[in-house]
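Structure first, then comments.
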Amino acid sequence: GSIKHTLWKVSIDGGEPAQLTDKLSNWPDVSPDGQKIACWYRAEPGASWQIAVIPITGGNPEKVLDVPTNADTPIPIRWTPDGRGVSFGATPDGASNVWYQLLDGGEPKQVTYFLSDQIHWFDWSKDGKQLACSRGRMLNDVVLITESKQ
């Protein structure tokens, strides 16, 4: 069987873990006010990835947002410091950039305009004025090594 990633929380003092989601969900990020969690979310196996916003106490999403099919779901979503939206990476033309999605809806807006490379990780400064990105190229080399018996 396949592993189904769901969100859980446990007190910093220990105790019983509490399950927050029962749908496929990963890369959680807690909102600046500590009341909500944004995460990558799939309502059904094989469905498109979406961004879900769930209460910190768990349960069904308060909001589910569609994202472009080229969204970079292997890297986390980040709340914007004002708590009005979330950011995610997407690679529409071979270069990944950070995009911003208001919780109230509307089309996502591009934040960075890199022309090459992949974003591996990113996060906002607490005041929302700066964005740090870890970027680079993905290189893959294959070498065939054979044993020679002479």
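Counting only protein heavy atoms and a 1.4 Å probe, tell me what percentage of the range 29-118's accessible area is made up of carbon and sulfur. Let's see the in-between values first.
Details: 2190 of 4370 Å².
Here carbon and sulfur together make up 50 percent of the probe-accessible area.
Which order do Arg78, Arg137, Arg42, Arg84 take when ranked by solvent-accessible area (1.4 Å probe, heavy atoms of all protein chains), largest first?
Values: Arg78 30, Arg137 170, Arg42 65, Arg84 135 Å².
If we order Arg78, Arg137, Arg42, Arg84 from most to least accessible, we get Arg137, Arg84, Arg42, Arg78.
Order Val67, Val30, most accessible first, counting only protein heavy atoms with a 1.4 angstrom probe.
On the way: Val67 25, Val30 75 Å².
Largest accessible area first, the residues go Val30, Val67.
Would you grab the residues whose amide H sits under 5 Å from the one on Thr112? Only those 5+ places off in sequence or on another chain, please, with H modelled 1.01 Å from N.
Val98
Per 10 Å bin from zero, what fraction in whole % of the C-alpha pairs of the chain is there, up to the bin with the longest pair?
So the P(r) values, bin by bin, are 10, 36, 31, 14, 5, 3, 1, 0.
Take His5 and Asp66, extend 7 Å from each Cα along the Cα→Cβ direction, and tell me the distance between the two endpoints in nm.
Output for this residue pair reads 2.4 nm.
From the backbone phi of the range 80-87, what are the Karplus-calculated ³J(HN,Hα) couplings (6.51 cos²θ - 1.76 cosθ + 1.60, θ = phi - 60°) in whole Hz, Gly and Pro given as x?
These are the phi-based 3J(HN,Hα) values: 7, x, 7, x, 8, x, 10, 10 Hz.
State, as an integer percentage, the relative contact order of the range 1-71 based on alpha-carbon contacts under 8 Å between residues 6 or more apart.
For the range 1-71, the relative contact order is 21 percent.
With a 1.4 Å probe and every protein chain left in place, tell me how much accessible area Asp141 has, in Å² to the nearest 10.
140 Å²
The values are calculated or read from the model by the stated rules, or taken from the named source; none is laboratory data. Computed from a predicted structure; not experimentally measured. Every residue, glycine among them, receives a Cβ derived from its backbone with ideal geometry; neighbour counts consider all protein chains shown. What goes into the accessible areas is simple: the full protein's heavy atoms, side chains included, and nothing from ligands, DNA or RNA. Shrake-Rupley method; radii C 1.70, N 1.55, O 1.52, S 1.80 Å.
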